[in-house]
1. Tally up the residues in region 290-319 that are closer than 17 Å to residue 146 by Cβ and of a type outside the set (A, V, I, L, M), please.
2. Which one of these is among the small types (Gly, Ala, Ser) and farther than 30 Å from residue 132 by Cβ: 182, 219?
3. If I go through region 41-63 residue by residue, how many of them are farther than 26 Å from residue 257 by Cβ and either at pLDDT 95 or above or under 17 Å from the mean Cα position of the chain (by Cα) (or both)?
4. Being acidic (Asp, Glu) and in a helix (DSSP H, G or I) is the filter here; which residues of region 240-290 pass it?
5. Do you know which residues across region 208-252 are closer than 19 Å to residue 161 by Cβ, among the hydroxyl-bearing types (Ser, Thr, Tyr) and surrounded by 14 or more Cβ atoms within 10 Å (Cβ to Cβ)?
6. Since residue 318 meets every condition but one in (1) under 19 Å from residue 142 (Cβ atoms); (2) out of contact with any helix residue (DSSP H, G or I) (no Cβ under 8 Å at 6 or more places or on another chain); (3) not assigned by TED's automatic domain parsing to the domain that holds residue 171, which condition does it not meet?
7. Here are the criteria: (1) touching a Ser or Thr at 6+ places or on another chain (Cβ under 6 Å); (2) not assigned by TED's automatic domain parsing to the domain that holds residue 151. Tell me which single one residue 284 does not satisfy.
8. Which strands (runs of 3 or more DSSP E) sit wholly inside region 88-204 and have at least 2 residues that are more than 21 Å from residue 233 (Cα to Cα), of a type in the set (Val, Ile, Thr) and at pLDDT below 95?
Amino acid sequence: MHHPRLAAILALLSSLALAAPPPEPPPAPRTTATRLVGFAQDNLANDWRLAQVREMEQALADEPGVRFIYSDAGGSTAQQVLDIEEMIARRVDVLVTSPRDSRALAPAVAAARNAGIPVVLLTRRVSSDHYTAFVGLDDREIARRAAERMAERLHARGQERGRVLILQGLPNTTTAKARTEGFLAGIAAHPEMQVVALKAANYLRADAIRAVEETVAEGIVFDAVFAQSDSMASGARLALRRLGVDPRSLVIVGIDYIGEAREAIRSGEQDASFTYPTCGAEGAQTVMRILHGETVAKERLVPSRMVTRENVERVEPIF
């Protein structure tokens, strides 16, 4: 029996099927010659962390038979754990990560090692030794040198005391902990200096703006800022200008030495920075040694250099 309405519906469904795009082809299978390197990154909204991934990606791009993938935890510790579990499930040949939380990520890193996957920690550590290699810098020593520089500059200005605001990175990362401890150890030799406030600004400009405004609103007076990243130093300068304070009236010291820091040092709005390479290229070198079956050092430290107005034109920013 002919049903005009049914026939019309069938005709419509047939036309939609013809118009629909073909399904995505499945991903190309990995051959035995392909080696998969996975980077479980903390937060690509942080420009330094994004540059770290891009540097490693570029360093591995010309390596034959190597495929590089990465994930973005979006600043979530729980998501970074899930990303590492996904890398394990995909059987990456080497796992790279910069742990957002040294304790919370330790079991995930250990799980990768127990699954027979070498783990390279890039610039951040976990609270155990269940990893293959660490590639990074000596954060404690950099922060100690930052404290010495700040003391010298305050003394050169004729200030009898220095009241310091510390803008701390992610509190649960080993970098932030070491930079805080190193700075406090550095100023211990200078009783005229004291930390009047320590604010977590999570290595982000927006959080640094909030932290500085909050500190001022609390009536806390400071004449120096130790920003544990130059992104936070940038945020601090923005906040100070919004509050009607000339950043050149304070001693501001940062870490990373990005392009913004170079311009601020040139203009006198920041006193100093310390180079902090992303270690993406150095991490890629370690990865390739592992893939080639070579023995790698448990720890590889990359040097840092202090940058001031005296040498700012001779030292290129890390990005």
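1. 7
2. Values: 182 fails: farther than 30 Å from residue 132 by Cβ.
Sole residue among the options that is among the small types (Gly, Ala, Ser) and farther than 30 Å from residue 132 by Cβ: 219.
3. Within region 41-63, the first condition is being farther than 26 Å from residue 257 by Cβ, and the residues that meet it are 62-63.
Within this subset, residues satisfying the condition of being either at pLDDT 95 or above or under 17 Å from the mean Cα position of the chain (by Cα) (or both) are 63.
The qualifying residues number 1.
4. Looking only at region 240-290, we keep the residues that are acidic (Asp, Glu), and these are 246, 256, 260, 263, 269, 271, 282.
Across region 240-290, the qualifying residues are 260, 263, 282.
5. 215 - this is the single residue of region 208-252 that is closer than 19 Å to residue 161 by Cβ, among the hydroxyl-bearing types (Ser, Thr, Tyr) and surrounded by 14 or more Cβ atoms within 10 Å (Cβ to Cβ).
6. All conditions are met except number (2).
7. Condition (1) is where residue 284 drops out.
8. Numbers: elements: 94-97, 119-122, 133-136, 162-168, 193-200.
Ranges flagged: none.
The values are calculated or read from the model by the stated rules, or taken from the named source; none is laboratory data. Worth saying up front: this structure is predicted, and the values here are computed from it rather than measured. With ideal geometry, Cβ positions are generated from the backbone for all residues, glycine too; neighbour counts draw on all protein chains shown.
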